[in-house]
Amino acid sequence: MALLKAMLIAVWHDLSDVKLAEALDDRASFRRFCGFSAQKPTPERTAFVRLRRKLMT
């Protein structure tokens, strides 16, 4: 569910997978919306690439 919420942020803010990963590292509001902990690292951009591929098949 957290990755899906992150993909919504990417669509709403017109972010590439790389920019989405950077924004999740940088913006606490994005992390909270997705449910990511402030102490743990956020997923790398490759997680978003894989999810996008799965959603398109």
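The values are calculated or read from the model by the stated rules, or taken from the named source; none is laboratory data. For clarity, every value in this text was computed on a predicted model and none was experimentally measured. Don't worry about glycine lacking a Cβ; one is built from the backbone with ideal geometry, like all the others, and counts go over all protein chains shown.
Residues to consider are Thr42, Thr46; find the one that is of a type in the set (Ser, Thr, Tyr), modelled with pLDDT under 95 and part of a helix (DSSP H, G or I). Even if it seems obvious, please write down each step before you answer.
Numbers: Thr42 fails: part of a helix (DSSP H, G or I).
Result: Thr46 is the single residue among Thr42, Thr46 that is of a type in the set (Ser, Thr, Tyr), modelled with pLDDT under 95 and part of a helix (DSSP H, G or I).
A Cβ distance below 6 Å, combined with a sequence gap of six or more or placement on separate chains, defines the contacts here; from the range 1-28, residues that are free of Cβ contacts under 8 Å to residues at least 24 places away in the same chain and among the acidic types (Asp, Glu) reach residues that are buried (at least 17 other Cβ atoms within 10 Å of the Cβ) and not in a helix (DSSP H, G or I) in the pairs Asp25/Thr42.
For Lys5, indicate whether it is surrounded by fewer than 16 Cβ atoms within 10 Å (Cβ to Cβ) and in a helix (DSSP H, G or I).
Details: surrounded by fewer than 16 Cβ atoms within 10 Å (Cβ to Cβ): yes; in a helix (DSSP H, G or I): yes.
Considered against the rule, which asks whether it is surrounded by fewer than 16 Cβ atoms within 10 Å (Cβ to Cβ) and in a helix (DSSP H, G or I), Lys5 comes out as yes.
Condition test on Phe30, is it within 10 Å of the chain's Cα centre (by Cα), in a helix (DSSP H, G or I), surrounded by 12 or more Cβ atoms within 10 Å (Cβ to Cβ) and at pLDDT 95 or above? Judged against the criteria, Phe30 is a match.
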